[in-house]
1. Looking only at segment 6-18, which residues are surrounded by fewer than 18 Cβ atoms within 10 Å (Cβ to Cβ) and part of a helix (DSSP H, G or I)?
2. For residue 45, state whether it is touching a residue at least 60 places away in the same chain (Cβ under 8 Å), within 16 Å of the ligand (Cβ to nearest atom), within 20 Å of residue 123 (Cα to Cα) and surrounded by 15 or more Cβ atoms within 10 Å (Cβ to Cβ).
3. Test of understanding: among 123, 127, which residue is out of contact with any helix residue (DSSP H, G or I) (no Cβ under 9 Å at 6 or more places or on another chain), assigned to a helix (DSSP H, G or I) and at pLDDT below 95?
4. If you check residue 101 against the conditions, is it part of a loop (DSSP other than H, G, I, E, B) and either surrounded by 12 or more Cβ atoms within 10 Å (Cβ to Cβ) or without any contact (Cβ under 8 Å) to a residue 24 or more places away in the chain (or both)?
5. Could you look through segment 19-42, keep only residues that are in a loop (DSSP other than H, G, I, E, B) and within 16 Å of the ligand (Cβ to nearest atom), and pick out the one that is surrounded by the fewest Cβ atoms within 10 Å (Cβ to Cβ)?
Ligand SMILES: [Zn+2]
């Protein structure tokens, strides 16, 4: 869907931001809570160190907050405006949507965060 070498391709496919080859997370299944946020130490292809400095992914918390707000607003629009739910029903729907989307948004937040600092570099792409 998205071309290799773009940030969206890499983020949506759980790939290294520099080479778009190696996997970022150890576990591909987002419903495996045991290893939900476990990263590889380095990229298997280009050897990029994912945890660049201690607490590098602290800033991903802000990305996760923004994603959660976006999910909440989208859920409200769908339930209240489109499906004509009451405010209370919409509120419960938002809470359920946020709980269900938490594994996805936590992982996406870290991927988006590292993509802010590391760009795709063709010389590391070995295919
Ligand atoms: Zn890489």
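1. Initial filter on segment 6-18 (surrounded by fewer than 18 Cβ atoms within 10 Å (Cβ to Cβ)): 6-9, 12-14.
Within segment 6-18, 7, 8, 9, 12 qualify.
2. Values: touching a residue at least 60 places away in the same chain (Cβ under 8 Å): yes; within 16 Å of the ligand (Cβ to nearest atom): yes; within 20 Å of residue 123 (Cα to Cα): yes; surrounded by 15 or more Cβ atoms within 10 Å (Cβ to Cβ): yes.
So residue 45 passes the test.
3. Numbers: 127 fails: assigned to a helix (DSSP H, G or I).
One residue alone meets the criteria, 123.
4. Working: part of a loop (DSSP other than H, G, I, E, B): no; either surrounded by 12 or more Cβ atoms within 10 Å (Cβ to Cβ) or without any contact (Cβ under 8 Å) to a residue 24 or more places away in the chain (or both): yes.
Taking the combined requirement at face value, the residue does not satisfy it.
5. We begin by selecting, within segment 19-42, every residue in a loop (DSSP other than H, G, I, E, B); these are 19-22, 24, 26-32, 36-38, 40-41.
In the following step, the residues that additionally are within 16 Å of the ligand (Cβ to nearest atom) were identified as 19-22, 24, 26, 40-41.
Working: 19: 24, 20: 24, 21: 17, 22: 20, 24: 21, 26: 14, 40: 16, 41: 9.
Checking each candidate, the answer is 41.
The values are calculated or read from the model by the stated rules, or taken from the named source; none is laboratory data. Because the structure is predicted, anything quoted here is derived from the model rather than measured. Counting neighbours? That spans all protein chains shown, and the Cβs are built from the backbone with ideal geometry, glycine included.
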